[in-house]
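The structure appears below as structure tokens.
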Amino acid sequence: MPSERISGEKRIEVINRPLIPVFFFFISGIIAGRILLSSIQGIYLPLVLLIVCLLVVSFIPRSRSFRLICFLSIFFLTGIFLFISASKQPSILTELAETKSSAILEGTVLNQESLYQERSRLDVSVEAVYLNSNVIYLREKAAVTVYKNMIDLEVGQRIRFPASLSLFKNFNNPGRYDYEDAMAMKGFSCRASVSDGRYIIRVGRGDLNFIMKAMEAARGPVRKLIMNNLSPINQAVYRALILGEMQGIDNDLRESFNITGLGHILSVSGMHVALVAVTSFSLFRFLFSLSYGLMLRIDIRKLTALITCLCVFAYTFIAGFQVSAKRAMIMAITYLLSMVIGREKDSWSTLALAAVIVLALDPNDLFNISFQLSFIAVIGIFWLSPEIYRLSKAVLYDDHIENILSRVYVYFSSLLVITLSAVIFLLPVTTYYFNRVSVIAVPINLIVEPLLGLWILPVGLLSVVFLPVSSSLSSIILKLGALGLDCMMNIIRFWSGFPWASFLSIRPNPFEVILCYSIIIFLVFTIKKRSWAKWGLLFILVISAIDASYWIYETRFNRDIRVTFIDVGQGNSALVQLPGRERMLIDGGGFTSGSYDTGKMVVAPFLLYLKIRRIDYIVLSHPHPDHLNGLNFIAEYFNPKEFWYNGQDVETPEFLELIKTVKKKGIGVLLPDDLSSGRVIEGVKIELCHPPVAEESWSAYVSEDDKGLNNNSMVLRISYRGKSFIFPGDIESQGERNVVKNCGYNLDSDVLLAPHHGSKTSSTVPFLDAVTPEISVISCGKGNSFGFPHAEAIKRLKDTGSEIIGIHESGAVRISVKEDGLRIKKFVETN
């Protein structure tokens, strides 16, 4: 029977390619281990016994199917076992950080990089903690930030320094980047803050293991070669390409790479290792082919593959065995060894074996963005490239032309097919993680990758090879490579300057990512003329249309008003989704110092998670950093039509940059005088309660000893369907008296954003009596240095009978006005 024959063929394929089902069962075990971690910790022995029993049973003469089930079950259980074995163990530094302890740490410098202004970041392997009169010996990693006066340190130096310890923290909004998990996967236990680098004491050489000492002995001279011979930008890029070091890659440089879809170039990963492997393989095969006798005695292809393995290992070694580089090395060496044993044509099994090896070494890699991108890209190349090649063969290839130009043409055509395959198959995942689509990714990769693979990287590595022989010769070779780097940077600068080069994309949720891949898969099989595929494609398109309809209703036709208080740490930001399609953002959060852009990294991902690409009104209550600094990115990329603020200008770089963006984008500016009569938008009444006049009259409302920023905050009252919200910015007691005096008759509101993050100098009794809130929301950072929210303010709020919601405890909270009243939704479950 045909169906029986097909079924038999599938069983034979599984038996002949056992690594593929092994891979799927292994990762299923890892996922199960992650889901069940809290309930299965401590069952190592039962798991081991079960694995051993299954191993024994699998050797008992039974049917092939039974043995296959046992065999795959072993890998499933092994995945669980390895994950719980690799899960984070109790940490002394974490325990100290939970209580924000201060201690003296001693350890070895693993690397150093500059962050912003005077700040520097160190990765330190902490070996001793001096706490009171006790010394605790340990071996854990800490991410150390030095705020000023950083001293020169070298990798491998032992240092001792006083530090304040704290935990890594997430912003608890949907669509967030999981910073806590990312740092845990990198092996860090906590953050350590050092106020002044002069407190750091050098105490000799550190305790690096043999491999790290050997690596630093090799990398040190290469680092000096780069630093002594190149311009700052070329230094930064070449250090990233050769040494895997990101020092010197500032935000502007990184952004230009991201806009052009070349961000992967700055991290040593699969592409770099593949370029080294291909170049080495081609070079050595050419050299060996020059010897006729050698070709007769040995298979030079297998010999070349073995030597290429050494080249790949050497490059990964020089690159510092970065996690992404190690993964790529394992993949490359696995493929090269498959050539040695004559199994290179079975590329899927080779990929599965490489993935199993990588995940066996560290099961947490399965949840690492870099791992996912690397393997999904390779899957896309393996699976889509043949189909794209088949469809485009008549256009891209001509088998009758045989000359040098035709070889160049075929090279670039093949590169186009490979790049297109990787970009298409990665698109759902890259939009999920990065919220950006580069329009020019394919053409710019066609230009830059040959430059990188044929000039910049090989010449740079050649300078490393000649460094032990002659530093002068190495310098000359490196400068030749830098010429190619200059060409590449000019190309990137040119193309990244176009505003249409990339755009922010709405963020698909995991279900929508699955839908995207389902469409790709069914579409390919439909092109292959599989009869069942068109029905599958039709079904997926119907589901996708339903999903799209839901979001179109939510973002354009929902008649409720929805106010979401966003977790921006120590600051304020609230999204007001008006009935219909208009939205307002009141404040954008921000930090007093540092290069962290809250608008880009926190607010924008949340908006894109909600499928919001436009903010119609941005409101700045007052120009303090924790309200202001996140707004510039929103003004730049979310196309607002109006900017409301209290008219008080300050001479800070962030405020000046925001005003510059507002003017450049042609955004209308509305001051208190423009809003004095209020606004009605889609049936929503918006009233200005403070300040009632322009800046020149503020002296009448602000005492002489007041700084004039907090108490001049713009206070808005938003009403709809008989329910009201009040947003008072950072007004304190003086400002509250003025608000009550001028607008007290109209302050009664159902929801109050607690003034000044719950400060004891705000939320005074007369103000709260005028507002009488049903719900009070406090927006502040957990464990902030100001001690917000203060107990006195919390007590006064509770005395009104108000329900208190702390964003620092609950994460982002949405309060909706529906026809039957207020609805509260908490987006993220926090610990």
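The values are calculated or read from the model by the stated rules, or taken from the named source; none is laboratory data. Note that the structure is predicted; figures quoted are calculated from it, not measured. Cβ sites come from the backbone with ideal geometry, for glycine too, and all protein chains shown count toward neighbours. What goes into the accessible areas is simple: the full protein's heavy atoms, side chains included, and nothing from ligands, DNA or RNA. Shrake-Rupley method; radii C 1.70, N 1.55, O 1.52, S 1.80 Å.
Can you tell me the 0 to 90 degree angle between the C-alpha axis of helix 270-289 and the longest principal axis of the chain, rounded to 10?
20 degrees
Which percent of the accessible heavy-atom area of the range 467-514 goes to carbon and sulfur, probe 1.4 angstrom?
C and S fraction of accessible area: 74 percent.
Just from its helices, what would the mean residue ellipticity at 222 nm be for the chain, if runs of 4 or more DSSP H residues each count -39500 (n - 2.57) and the sum is divided by every residue, rounded to the nearest 500 deg cm²/dmol?
Rounded to the nearest 500, the figure is -16000 deg cm²/dmol.
Just to be sure I understand the model, the point goes 7 Å from the Cα along the line to the Cβ. What's the resulting Asn490 to Met601 distance in nm?
In this crude spin-label approximation the distance works out to 3.5 nm.
Of Lys600, Lys100, Lys664, which has the most accessible area with a 1.4 Å probe, and how do the rest follow in descending order?
Lys664, Lys100, Lys600
Quick check on the chain: of the DSSP beta bridges with both residues there, what percent are antiparallel, nearest 5%?
Percentage antiparallel, nearest 5: 75.
Which value results for Rg/Rh of the range 212-329 when Rg is the Cα radius of gyration and Rh the Kirkwood radius based on the inverse mean 1/r?
1.08
Top to bottom by accessible area (1.4 Å), largest first, where do Met601, Met150, Met488 land?
My answer, sorted largest first, is Met601, Met150, Met488.
Can you give me the long-range amide H partners of Asn111? Hydrogens built in the peptide plane at 1.01 Å from N, cutoff under 5 Å, separation of 5 or more residues or another chain.
Those qualifying (amide H under 5 Å, at least 5 residues apart or on another chain) are Asp123.
Each label point is 7 Å from the Cα along the Cα-to-Cβ direction; what then is the distance between the points at Leu36 and Leu68, in nm?
Between Leu36 and Leu68, the label points sit 2.4 nm apart.
State the label only: which of (1) 43.5; (2) 41.4; (3) 39.5 corresponds to mean projected area of the Cα convex hull in nm² computed from the shown model?
Given (1) 43.5; (2) 41.4; (3) 39.5, the structure-derived one carries the label (1).
On C-alpha positions alone, give me the angle between the axis of helix 733-743 and the longest principal axis of the chain, in degrees, nearest 10.
With rounding to tens, the tilt is 70 degrees.
In the range 525-648, what percent of the accessible surface is made up of carbon and sulfur (1.4 Å probe, ligands and nucleic acids excluded)?
61 percent
On the first, second and third principal axes, largest extent first, how far apart are the outermost C-alpha atoms of the range 480-546 in Å?
Its Cα atoms span 56, 28, 19 Å along the three principal axes.
If r is the Cβ-Cβ distance from Ser531 to Val408 and R0 is 45 Å, what FRET efficiency results, to the nearest 0.05?
The calculated FRET efficiency here is 0.65.
On a 1.4 Å probe surface of the protein chains, which of Ile211, Ile804, Ile612 comes out largest in accessible area, and what is the full order?
So, going from the largest accessible area down, we get Ile211, Ile804, Ile612.
Under 9 Å from the Cβ of Val669, count the other residues' Cβ atoms, weight Lys and Arg +1, Asp and Glu -1, and hand me the total.
For residues surrounding Val669, the net value is -1.
Determine the per residue accessible area of the chain with all protein chains present and a 1.4 angstrom probe, expressed in square angstrom.
48 Å²
What longest range of the chain stays clear of loop-exposed chymotrypsin sites (Phe, Trp or Tyr not before Pro) (DSSP non-H/G/I/E/B, at most 10 other C-beta within 10 angstrom)?
The reported range is 60-499.
For a test of the definition: using alpha carbon positions, the gyration tensor, and the 1.5 limit on a/c, classify the range 341-396 as rounded, prolate or oblate.
Oblate shape, in that a/c is at least 1.5 and b/c is the bigger or equal ratio.
Heavy atoms only, probe 1.4 Å: what % of the accessible area of the range 205-255 goes to carbon and sulfur, would you let me know?
Ligands and nucleic acids excluded, carbon and sulfur give 58 percent.
Taking every eigenvalue of the Cα gyration tensor of the range 723-798, multiplying by 5 and rooting it, what semi-axes result, largest first, whole Å?
Working through the eigenvalues yields semi-axes of 20, 13, 10 Å.
Say R0 is 25 Å: what FRET efficiency, to the nearest 0.05, do Ser102 and Tyr177 get from their beta-carbon distance?
E(calc), rounded to 0.05, equals 0.30.
Using only the Cα atoms of the range 106-207, what are the Rg and Dmax in Å?
14.0, 46
Between Asp560 and Val669, what is the FRET efficiency for a Förster distance of 41 Å, r being their Cβ-Cβ separation, to the nearest 0.05?
With R0 = 41 Å, the Cβ-Cβ based efficiency is 0.90.
Describe numerically, in nm with one decimal, the distance between label points set 7 Å from Cα along Cα→Cβ at Val48 and at Ser133.
Reported label-point gap for Val48 and Ser133 is 4.2 nm.
Using the 4.7 Å Cβ rule, please list in number order the cysteines from the chain without any candidate partner.
Flagged as lacking a Cys partner: Cys53, Cys70, Cys190, Cys309, Cys311, Cys487, Cys516, Cys780.
In the structure shown, do any of Lys665/Lys825; Lys213/Lys479; Lys782/Lys826 have a Cα-Cα gap over 25 Å, and if so which?
Correct reply: Lys665/Lys825; Lys213/Lys479.
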